Each structure stands twice: as structure tokens, then as C-alpha cells.
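Below is one structure, written out as C-alpha cells, with a few remarks after it.
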Amino acid sequence: MNRKQKFDGLADDYDRNRPRCTSDLFQMIKSRSPVRDRLRIVDAGTGIVLEGLIDVLGQEHDYPAVDVSTNMVESARQKFPFAEWTVGGGEP
């Protein structure tokens, strides 16, 4: 079973049960990162990390996000339609 097959069909459970990162983590990321208008999110899943980033950085940034699971991306698109979602791998 490949990664895509492993995660397709799990988006609802994943989103409901996956622990969220603390706001302190996102504040630290913001303080240590150069200011950019575009922040790429790899292995974005259902957008859990994006939730925290938006709280700290706002929606005015471009958020291109990629995940290997079609199901995860579909779920994330419903929550964050302004992000640029792609189904695919994060490796170059």
C-alpha cells in the first residue's frame, strides 16, 4: 500500500482526531522566518497546520499547499478555499 492509498478515505477521522500545534509554535515560526507573501505547505493533509498559520499570518498571504491524498486535499479545500491546493508529492 502506498502513502496515497493509506490516507485516502481518512480525511474526516484525521481532521477530527489529529492534535493541533500550539499557537506558540506558529509565533516562533513567524518570528524566525523572513516576511514573505507566499508560504508553501508540504504534506498539508486537511489543512491543520494552515489553521495555525492563518491565525498568526492572516489570509493575505498566498498559501500553495500540496498533499498526496486526494481525499485530504478535498477536505482542506472546503475549509480553506483561498489556498492553492494541489494533489501530489512534495519531493522535487
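Of the residues making up the stretch 64-84, those that are assigned to a loop (DSSP other than H, G, I, E, B) and touching a helix residue (DSSP H, G or I) at 6+ places or on another chain (Cβ under 6 Å) number 3. Of the listed requirements (1) more than 9 Å from the chain's Cα centre (by Cα); (2) on the phi > 0 side of the Ramachandran plot; (3) without any contact (Cβ under 8 Å) to a residue 60 or more places away in the chain, G9 misses just one: (3).
Of the listed requirements (1) at positive phi; (2) at pLDDT 90 or above, D43 misses just one: (2).
Among the residues in the stretch 26-43, are any exposed (fewer than 12 other Cβ atoms within 10 Å of the Cβ), over 16 Å from W85 (Cβ atoms) and of a type in the set (A, V, I, L, M)? Checking the stretch 26-43: at least one residue is exposed (fewer than 12 other Cβ atoms within 10 Å of the Cβ), over 16 Å from W85 (Cβ atoms) and of a type in the set (A, V, I, L, M).
This table checks each residue for (1) within 15 Å of D8 (Cα to Cα); (2) assigned to a loop (DSSP other than H, G, I, E, B); (3) in contact (Cβ under 8 Å) with a residue 60 or more places away in the chain.
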{"site": "D24", "(1), (2), (3)": "no, no, no"}
{"site": "S31", "(1), (2), (3)": "no, no, no"}
{"site": "T46", "(1), (2), (3)": "yes, yes, no"}
{"site": "G52", "(1), (2), (3)": "no, no, no"}
{"site": "D55", "(1), (2), (3)": "no, no, no"}
{"site": "Q59", "(1), (2), (3)": "no, yes, no"}
{"site": "T86", "(1), (2), (3)": "yes, no, no"}
{"site": "G90", "(1), (2), (3)": "no, yes, no"}
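Could you check, for the stretch 46-55, whether at least one of its residues is at pLDDT 90 or above, of a type in the set (D, E, K, R), exposed (fewer than 15 other Cβ atoms within 10 Å of the Cβ) and touching a helix residue (DSSP H, G or I) at 6+ places or on another chain (Cβ under 7 Å)? The answer is no, given that none of the residues of the stretch 46-55 is at pLDDT 90 or above, of a type in the set (D, E, K, R), exposed (fewer than 15 other Cβ atoms within 10 Å of the Cβ) and touching a helix residue (DSSP H, G or I) at 6+ places or on another chain (Cβ under 7 Å). Across the stretch 1-22, the number of residues qualifying as part of a loop (DSSP other than H, G, I, E, B) and at pLDDT below 75 comes to 2.
Scanning the stretch 69-84 for residues that are surrounded by fewer than 21 Cβ atoms within 10 Å (Cβ to Cβ) and under 12 Å from D43 (Cα atoms) gives a single hit, T70.
Checked against (1) out of contact with any Leu (no Cβ under 7 Å at 6 or more places or on another chain); (2) without any contact (Cβ under 8 Å) to a residue 60 or more places away in the chain; (3) under 24 Å from V68 (Cα atoms), I41 passes all but condition (1).
The values are calculated or read from the model by the stated rules, or taken from the named source; none is laboratory data. What you see is a predicted model, and the numbers here were worked out from it, not measured in a lab. Cβ coordinates were reconstructed from backbone atoms using ideal geometry, including for glycine residues, and neighbour counts include every protein chain displayed.
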